[in-house]
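Novice: One structure, as structure tokens, below. Some questions next.
The values are calculated or read from the model by the stated rules, or taken from the named source; none is laboratory data. These figures come from a predicted structure and were not determined experimentally. Methodologically, a virtual Cβ is constructed for each residue, glycine included, from the backbone with ideal geometry; neighbour enumeration extends over all protein chains shown.
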């Protein structure tokens, strides 16, 4: 499934540049005021161009939200994919991938918060597209788990892999949503270590229980 935001501009590089300006401005405004209280005029002003120019690149404020969510998911997924490729496979690779996932959550906290708080305001045709991006991130983690199962490091059914794929991503996201409270006790690195310990211990315990 794909979705395209209509534009009257033909220059591809100009579209990309203007929309990047728009996305950056919108993230800041949505973080501060929320989607519904932000106007297209404010987005245009923060982007550095007129409201007329804004409407050459989008048709509605909902289009801006879609571009924001799509851009965040793409950047987030690209960073996780690169991280996972570098970390290798197996249990140790899974552990290091969790550490990197928390790091990405920390560095893109504003974007992550906007993505999850405002995605509900997307149109009916845009929301499934964006939710599919979320599933692509889950599948990155599932691939690491599948490799652990194939290599005999973990005894996991297909249902286990699906569960832990979602579970690990949600636990990493906790740093973005709960950092305000967690930082009273943990540094980012300490939280990531604790999460990696909890996940790998849980998975290792499952292996032992299955073998008994």
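Novice: Give the residue, chosen from 107, 159, 136, that is surrounded by fewer than 16 Cβ atoms within 10 Å (Cβ to Cβ), within 28 Å of residue 191 (Cα to Cα) and more than 13 Å from the chain's Cα centre (by Cα). Give the steps one after another, and end with the answer.
Specialist: Working: 107 fails: more than 13 Å from the chain's Cα centre (by Cα); 136 fails: more than 13 Å from the chain's Cα centre (by Cα).
Answer to the check: 159.
Novice: Being modelled with pLDDT under 85 and in contact with a helix residue (DSSP H, G or I) (Cβ under 9 Å, 6 or more places away or on another chain) is true for just one of 24, 61, 103, 77. Which residue is that? Talk me through it step by step, then tell me what you get.
Specialist: Details: 24 fails: modelled with pLDDT under 85; 61 fails: modelled with pLDDT under 85; 103 fails: modelled with pLDDT under 85.
Result of the check over 24, 61, 103, 77: 77.
Novice: Find all pairs meeting these conditions: Cβ atoms under 8 angstrom apart; at least six residues apart or on different chains; first residue within segment 187-211 and at negative phi and surrounded by fewer than 16 Cβ atoms within 10 Å (Cβ to Cβ); second residue modelled with pLDDT of 85 or more and part of a helix (DSSP H, G or I).
Specialist: Close Cβ pairs satisfying both conditions: 189/99; 198/171; 206/160.
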